[in-house]
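One structure below.
The values are calculated or read from the model by the stated rules, or taken from the named source; none is laboratory data. This one's a predicted model, so the numbers in the text were calculated from it and none came from an experiment. Note that we place each Cβ from the backbone using ideal geometry, even for glycine, and neighbour counts take in every protein chain shown.
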Amino acid sequence: MPDIPCFRSVLPLVFMMGICAHTPVAVAEPALMPQPRTYHLQSGVAPLTGGVAVEWQGMRSALLDQAVARFTQRLAALSGRDLAPGGRPGLTLRIHCLAPDADMLSIHMREHYRLRTDAQGATLEADGPAGVLRGLATLLQLVERQEAGPVLDAAEIDDSPRFAWRGLLVDVSRHFMSLAALERQLDMMELTKLNVLHLHLSDGQGFRVESRLYPRLQQVASHGQYYTQQQVRGLVAYAARRGIRIVPEFDTPGHSYALLLAYPQYAAQPVAAPMDPKRVVRAAIDPTSPQARDFIAGLYHEMAGLFPDAYFHVGGDEVRPDEWTGNSRINAWMQQHGYTTATLQAMYTQRVHDMLARDGRIMMGWDELLDAPIPASIVIESWRGSRYTAAATQAGHPVVVSSGYYLDLLLPAAEHYRVDPLDPQGNGLPPDQVAQAHAPFLEPFALDPAARMTPVQDARVMGAEAALWTEIVTEEMLDNRLWPRAAALAERFWSSASVRDAASLATRLPVVQAELELLGNRATADRARMMARLAPDDVTPLATLLSVTSPVRNYAHNHVFGPSRVVPTADPRPLDRAADIAATDNTQAAVFYRDVLSCLAGHKDLAASLRARLENWRDNDARLRLLAQRDPSVAEVLPASALLARLAQAGLDAMNTPATAWREQAEAALATARGQFAASASMLAVRTSPQPAGDLLPDITPGIMALVQAARSSDSVVRQGAGIR
Ligand code: ACM
């Protein structure tokens with residue numbers, strides 16, 4: 001390793017590439033996520049040796065008993081010990097639920113709790129049952145596995161959420177997700193204190209709930225993949241036991257192709273099978289038809305009977321105006337009654353609002369609803385940038401923010417984490433037509449002065465949602481695409497706005513993910529199965545490559561389905577390529593970068609291990625090429641593997657070679673890698689740039705850049721010392 005005088009100068013370059021910079025952080029504390037409001041780690045631990053003895057004070061209920069039973073099972077799974085009650089006395093858990101909560105499962109539910117753990121056990125005091133659930137989730141994150149056995153770290157915590165609405169949107173229309181998959185997500189949500197599951201239950205590709213009133217919906221528009229009414233009730237109850245509300249979304253008047261396939265008489269333009277991807281994204285209901293409006297009234301009434309939450313999401317996004325203006329009868333009606341397409345949608349919105357109000361429901365919809373005046377009580381979900389959060393709150397609407405939190409953009413966790421729901425940021429999300437119609441194209445998460453808000457506006461933001469649209473997410477990929485990024489966003493939505501340290505996030509995220517996996521999360525297991533299918537002869541070379549590569553970003557990978565980024569589920573295409581398996585956040589790459597910086601800062605003991613990792617990545621290429629001869633389906637990753645080898649060689653050269661002969665190859669490899677990151681650094685870039693073969697990005701790039709730049713600086717010091725310029 002050359003003596004390297006300076007490494008700080010690489011940091012701006014690393015940030016320019018949009019890759020988070022991780023600095024070393026000692027893991028002396030338990031990985032709490034979300035971070036509590038106040039939290040003091042104490043000395044001492046409580047050993048987890050025997051059963052859990054629960055002492056109740058105050059209120060007790062079946063919901064709380066079930067929560068404690070789940071807690072005990074989870075504690076056993078985390079600690080590896082049988083901690084069933086009744087055994088040898090071990091941990092004493094004192095629970096004091098101060099009062100029942102009339103607002104349980106509303107946005108006012110009482111989630112505040114206080115938790116103290118010490119050598120004598122744990123004391124949890126909560127304002128209501130939801131607070132007990134949140135406190136138990138924290139308690140599980142205090143479990144530490146020490147050499148002498150599992151313990152609970154001693155701590156004093158006083159905690160409550162910043163936002164009352166902390167959601168996760170799962171699109172079950174594009175790809176259906178089984179009940180088991182959804183229940184697993186609800187478990188993960190409970191563990192990370194997310195409290196709203198927003199189910200996107202209907203879209204162009206499928207309608208997913210049994211309707212007794214309109215059975216053709218499941219018969220014609222679900223491909224046999226839907227939830228029965230009994231299953232819906234079961235799922236709602238499963239969520240409720242975890243202090244989680246389910247908010248359903250049935251998207252109209254646009255995004256309604258599936259619905260209209262079943263009932264074509266209500267469509268603005270002819271709708272017919274087989275699914276035509278262009279029609280799937282366009283078809284809209286005819287809002288001028290009283291029969292169509294009665295159909296929607298009947299459907300929403302029936303669905304409101306299944307989903308007890310106060311909020312009911314009706315979509316309202318991305319309506320294509322020419323679906324209406326292209327129909328001469330609708331056009332004539334609009335002219336006669338003096339409507340534009342915007343005011344026609346507002347008329348439809350008003351009617352739906354009134355229908356839902358009769359069922360006691362608060363209407364919620366996407367930010368396109370703001371295009372014409374609508375009742376201020378309608379909750380707006382902003383997705384196209386925070387200027388829509390600002391516009392909605394200025395007009396008096398309560399707002400839930402999902403702009404900045406679209407997990408299907410396949411950005412690393414840190415990119416979403418640094419966006420606060422109240423930040424004046426654009427997110428560059430609008431797809432082509434919407435961008436032209438409604439918003440200037442914004443670079444991802446760039447400052448948008450039009451989105452500045454007053455404190456009164458801030459107070460109208462009820463919370464935020466992470467969203468996973470599933471055009472290219474099958475059930476097998478669900479856990480990997482949601483977690484651990486949803487945990488990072490759970491912290492963004494729960495913890496103080498000042499909790500923003502990306503380095504701390506990077507340190508805690510793998511620990512939290514490992515715990516979630518011990519408690520049922522399937523991300524690693526599902527990826528392992530997918531890799532084994534792709535490379536049945538020997539999975540190791542592919543696994544090595546994918547341990548340090550991530551998928552291209554900002555919908556660049558969606559190009560496999562063509563420009564419309566739509567795939568009808570009736571015609572499922574395989575989602576089993578390497579980029580479908582690759583994770584957005586690779587711990588090995590993050591740790592490599594951290595270790596490089598440490599090494600350059602003087603921890604020379606890390607050099608041998610860095611070299612070993614670089615040699616492994618370099619030599620992996622030959623192994624992968626051999627494998628590709630036997631398993632041709634891995635052939636498409638060979639260019640990514642070759643680049644990994646070149647980058648690894650550049651890193652080794654930078655560590656080993658004082659001369660400059662290697663420099664040209666290293667710079668060329670880095671230029672290729674940087675170009676690959678730039679090609680999907682924004683949606684604009686995606687539209688104009690060819691993507692790397694295999695849609696994979698080399699995540700070791702920041703570490704290699706640091707090594708090469710450090711070698712370059714040290715080399716120039718040597719050369720200058722020798723009088724060479
Ligand atoms: C949306 O992404 N169209 C809400």
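Observations on the structure shown:
- From ALA395, ALA435, ALA414, ALA390, residue being surrounded by fewer than 21 Cβ atoms within 10 Å (Cβ to Cβ) and either closer than 24 Å to ALA506 by Cβ or at pLDDT 85 or above (or both): ALA395
- Set ARG116, ARG212, ARG145: member being farther than 30 Å from GLY90 by Cβ and charged (D, E, K, R): ARG212
- Taken together, the criteria exclude MET303 from residues that are in a strand (DSSP E or B), of a type in the set (A, V, I, L, M, F, W, C) and touching a strand residue (DSSP E or B) at 6+ places or on another chain (Cβ under 8 Å).
- Some residue of the range 473-493 being modelled with pLDDT of 60 or more, within 16 Å of the ligand (Cβ to nearest atom), aromatic (Phe, Trp, Tyr) and in a loop (DSSP other than H, G, I, E, B): no
- Scan of the range 496-534 for residues that are basic (Lys, Arg), in a helix (DSSP H, G or I) and touching a residue at least 60 places away in the same chain (Cβ under 8 Å), ordered by number: ARG508
For every residue, the table says whether it meets (1) within 18 Å of ALA292 (Cα to Cα); (2) within 15 Å of the ligand (Cβ to nearest atom); (3) surrounded by 23 or more Cβ atoms within 10 Å (Cβ to Cβ); (4) within 30 Å of the chain's Cα centre (by Cα).
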site: VAL319; (1), (2), (3), (4): yes, yes, yes, yes
site: GLU323; (1), (2), (3), (4): yes, no, no, no
site: THR341; (1), (2), (3), (4): yes, no, no, no
site: ILE362; (1), (2), (3), (4): no, no, no, yes
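- SER377 vs. criteria of a type in the set (S, T, N, Q) and within 13 Å of the ligand (Cβ to nearest atom): no
- Residues that are assigned to a helix (DSSP H, G or I), farther than 14 Å from TRP324 by Cβ and of a type in the set (Ser, Thr, Tyr), drawn from the range 257-289: TYR257
- Residue in the range 708-722 that is part of a helix (DSSP H, G or I), crowded, with 20+ Cβ neighbours inside 10 Å and acidic (Asp, Glu) present: no
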